[in-house]
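Taking it in order: structure first as structure tokens, then the write-up.
Nothing in this text is a laboratory measurement; each read-out follows from the coordinates by a stated rule. All values reported here derive from a predicted model rather than from experimental measurement. All Cβ positions, even for glycine, are placed from backbone atoms using ideal geometry, and neighbour counts span all protein chains on display.
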Amino acid sequence: MNIAASTFIFILVSVGMSAVAQVLLKTGMSKGEIGLSLAQQHWTSSVMLVATNPWVIGGLMMYFLSAAVWLLVLARVQLSFAYPFVGLGFILTMFLGWWLMGDSIGMQRVAGTVLIAVGVVLIARGG
């Protein structure tokens, strides 16, 4: 299968945008007022806080853009070729969580994340 370099770029951009969307959503949902409202089961105010949080809105917009780029990918290549690249998102998201959010990642978490990514690739490549 001969894949254009631009297709690989679109794949990596989509996966990267999806990982960034996770960080934006986590940032928004970690705001104290949202957590407090959810803990107190104030569902109406919780929905309003989430719906008006700029980090959450930004994360959702990033997901939308990521999906739009992914549609370009799917128009160009077989799904069984493209989808294993989503496994890179697990690794990238874990790295961004550690780097930007101070998430702790031990060897077990790293190994598990890499195994998930490798497993996705193996399943997709299994023919």
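Quick notes on this one:
- Prolate/oblate/rounded call for segment 53-97, Cα gyration tensor, a/c under 1.5 rounded: oblate
- C-alpha long axis of helix 54-76 to longest principal axis of the chain, angle in °: 20
- Residue-averaged [θ]222 nm for the chain, counting only DSSP H segments that reach four residues, each worth -39500 (n - 2.57): -26500 deg cm²/dmol
- Highest-fluctuation residue, A19, A82, A68 considered, GNM on the chain with Cα pairs under 10 Å: A68
- Residues M101, M107, sorted so that the one with the fewest Cβ neighbours within 10 Å comes first: M107, M101
- Förster-model FRET efficiency, 22 Å R0, L71 and L100, C-beta, rounded to 0.05: 0.20
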